[in-house]
Amino acid sequence: MQTLFAYEQCMEANNTLAQDLIDERFAPDLNSMEVQDKPLLKAKKNEALSLYKKLFVNEKVSESDDARVNSVAEEALKLCHSNNKKDFNFLKKNLVAEVEKINQRYYEVLGLLIAFSDAGKSDKKNDHSNFLKNEFIKVLRKDEVLQGVLLKSNATWENNTALVQSWFRDVIKNDKVYLEYVRADSPDENEQKNIIKHIVRRLILGETVINDFFAERDIRWTEDHDIVKSLVDKTLKSLDADQGTIQLQKLSMDWEDDLIFMNTLFEKTTQIEKSNKDLIANNTKNWEVDRLPLTDRVILEMAITELINFPAIPVKVTINEYIELTKHYSTPKSAKFVNGILDVIAKELLTSGAVKKSGRGLIDNK
């Protein structure tokens, strides 16, 4: 959704740049020694802008009698399409990279726990034995798969030792819950898990300088934050102290299928047909599609695209997922609005045969 939102903004900016080009082409030449006919230039500019706007929406038009007007309008349209293509390719490629980045953050948090234990080990003034002997920390240290992943993804924090030590000194060591833990007599398994959960949730991913560090590096951290927390929580729950093992979590159970889903949803939504945009317009009283809040429009277009192009996904599942997206990213009233619109649109698409479900997609469609 965020990538589609960004693409919509890019297209709007590219449209503006194309119109700016027309302005420039018909601006008076201030370096010319000849008298500039400003009224005529303005008239030609307006004619070219009008032609460009009609070409932009694929409206059938007659060419101007002025070859330069035609040439400039076509030049502007070519510029707009070229920039849109560049932005589309960049965002599509970046879409996958941004999702994969969540795994990187997950490994960095696990690596940071190990780095904090290293900082505790080097602190000769205070006793951090309970933390150093924590079963989860011990397993993280010896898990060969994790160690390989940390090295491969550069998530060991070896290049940020000074920063880690400052965090350990200013955040971890000053935390009341942590101090109670390291002073306790032989913490049991639950207490060991609870301190890790506390450090992750409150000190690394809470309102601290550590969380600020992640946020400054990652523009999507606000959204990714909760996913990373969930992955670490599941890793902690998988701890088998007796066997000395953990289960590293996967962001996706079937990455290849999810990759196809993401790319298809992105591509098909950017190519949504006018008839489907009209469905939105026809069911939004007193609103034109282009006047809807951009977030709501993107969500509605994504939902329609999913309904039509993914037969194995039940209609109710699609509607519920996009209502949840609306709750997180749009206005308070939007969820009810999107719910009502999607319910009507889904019924129209099913009746027309545009939506054809099969297999698991038939669930809950009665």
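The values are calculated or read from the model by the stated rules, or taken from the named source; none is laboratory data. As the structure is a computational prediction, the values presented were derived from the model and not from experiment. Glycine gets a Cβ as well: all are built from the backbone with ideal geometry, and neighbour counts include every protein chain shown.
Cβ-Cβ distance below 8 Å, separation of 6 or more or different chains: which pairs start in segment 24-37 with a residue that is at pLDDT 85 or above and end on one that is in a loop (DSSP other than H, G, I, E, B) and of a type outside the set (A, V, I, L, M, F, W, C)?
28/36
Out of 129, 117, which single residue is over 17 Å from residue 210 (Cβ atoms) and polar (S, T, N, Q)?
Matching residue, one of 129, 117: 129.
Taking segment 292-342, which residues are among the acidic types (Asp, Glu) and under 20 Å from residue 268 (Cβ atoms)?
Across segment 292-342, the qualifying residues are 296, 301, 306, 321.
Among the numbered conditions (1) crowded, with 16+ Cβ neighbours inside 10 Å; (2) under 25 Å from residue 195 (Cβ atoms), tell me where residue 55 comes up short.
Failed condition: (2).
Which ranges mark the helices (runs of 4 or more DSSP H) fully within segment 22-137 that have 1 or more residues being within 22 Å of residue 235 (Cβ to Cβ) and in contact with a Ser or Thr (Cβ under 9 Å, 6 or more places away or on another chain)?
In segment 22-137, the matching helices (runs of 4 or more DSSP H) lie at 67-122, 129-132.
Exactly one condition in (1) within 24 Å of residue 230 (Cβ to Cβ); (2) part of a helix (DSSP H, G or I); (3) touching a residue at least 40 places away in the same chain (Cβ under 8 Å); (4) not hydrophobic (A, V, I, L, M, F, W, C) is not met by residue 191; state its number.
Condition (3) is where residue 191 drops out.
Can you go through 264, 305, 269 and tell me which one is in contact (Cβ under 8 Å) with a residue 60 or more places away in the chain, surrounded by 14 or more Cβ atoms within 10 Å (Cβ to Cβ) and in a helix (DSSP H, G or I)?
Result of the check over 264, 305, 269: 269.
Quick one: which residue in 133, 121, 125, 176 is of a type outside the set (A, V, I, L, M, F, W, C), surrounded by fewer than 19 Cβ atoms within 10 Å (Cβ to Cβ) and under 22 Å from residue 247 (Cβ atoms)?
Answer to the selection: 133.
Residue by residue through segment 170-195, note down the ones that are more than 23 Å from residue 124 (Cβ to Cβ), among the acidic types (Asp, Glu) and under 37 Å from the mean Cα position of the chain (by Cα).
Residues satisfying the conditions are 189, 191.
One line per residue, one yes/no per condition, for (1) under 20 Å from residue 262 (Cβ atoms); (2) not aliphatic (A, V, I, L, M):
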residue: 278; (1), (2): no, yes
residue: 283; (1), (2): no, yes
residue: 299; (1), (2): yes, no
residue: 327; (1), (2): no, yes
residue: 336; (1), (2): no, yes
residue: 342; (1), (2): no, no
residue: 345; (1), (2): no, no
residue: 355; (1), (2): no, no
